[in-house]
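Quick notes on the structure that follows.
Derivation of every value follows stated rules applied to the coordinates shown; laboratory data play no part. This structure is a prediction, so every number in the text was calculated from the model and none was measured. So basically every Cβ, Gly included, is an ideal-geometry build from the backbone, and we count neighbours across all protein chains shown.
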Amino acid sequence: MAIRTIVKVGDDVLTKKCRAVEKLDDRIFSLLDDMADTLYESGGVGLAAPQVGVLKRLSVIDVGDGLIELINPEIVKTEGNVRDLEGCLSLPNKWGYVDRPQKVVVHSLDRDGNLVEFEGEDLLARAFCHEIEHLDGILFSSHVDEFVDIDEERKK
Ligand code: ZN
């Protein structure tokens with residue numbers, strides 16, 4: 001397990017479409033382990049493989065309820081809408097309001113290649129959307145009209 005360097009905005013790797021994982025092997029598992037280490041070290045809630053320079057459809061998320069590993073994830077259902085502040089480990093100190101579904105259902109593979117279903121609401125729904133967009137080379141900033149000062153915003 002190791003901490004990997006988080007790629008910052010401006011690097012092309014963040015705007016490319018990631019390839020599906022075809023073989024679940026030790027290389028993928030150790031990448032997932034490293035991504036989890038890197039996520040916990042960063043203090044963020046989600047990290048996608050392109051953020052550590054790897055163009056594969058993998059993400060890790062933890063909103064405080066335990067680690068979720070996503071392998072070839074897909075959003076299969078969305079419901080509602082919530083506008084809230086969002087940030088990204090690849091865009092340090094950039095925060096902005098983004099509309100996301102209040103609830104999403106996600107299909108993913110687990111490490112054994114089984115289909116697993118996750119349901120997320122609010123922050124978890126937001127994290128699913130944000131991380132899965134990374135796999136298509138989309139950054140949350142493309143949804144933001146104006147970035148905000150997070151310290152001022154939290155005082156409100
Ligand atoms: Zn991000």
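Values for this structure:
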{"quantity": "Aspartates and glutamates with Cα under 12 Å of K17, excluding same-chain neighbours fewer than 8 positions away", "calculated": "E133, D136"}
{"quantity": "Distance from the stretch 88-152 to the stretch 1-73 (C-alpha centre basis), Å", "calculated": "13 Å"}
{"quantity": "Antiparallel bridge percentage (DSSP; both residues within the stretch 1-114; nearest 5)", "calculated": "95 percent"}
{"quantity": "Residue exposure sequence - K156, K17 - by fewest surrounding Cβ within 10 Å", "calculated": "K156, K17"}
{"quantity": "Principal axis dimensions, the stretch 22-130 - Cα atoms, whole angstrom, descending", "calculated": "39, 30, 24"}
{"quantity": "Electrostatic dipole magnitude of the stretch 1-146 [Cβ: Lys, Arg +1; Asp, Glu -1; Cα centre; debye, to 20]", "calculated": "460 debye"}
{"quantity": "Ranked list, fewest to most other Cβ atoms within 10 Å of each Cβ, for S59, S108, S42", "calculated": "S42, S108, S59"}
{"quantity": "Burial ordering of F140, F29, fewest other beta-carbon atoms within 10 Å first", "calculated": "F29, F140"}
{"quantity": "Kirkwood-type radius of the stretch 73-151, with distances r between different C-alpha atoms, in Å", "calculated": "13.3 Å"}
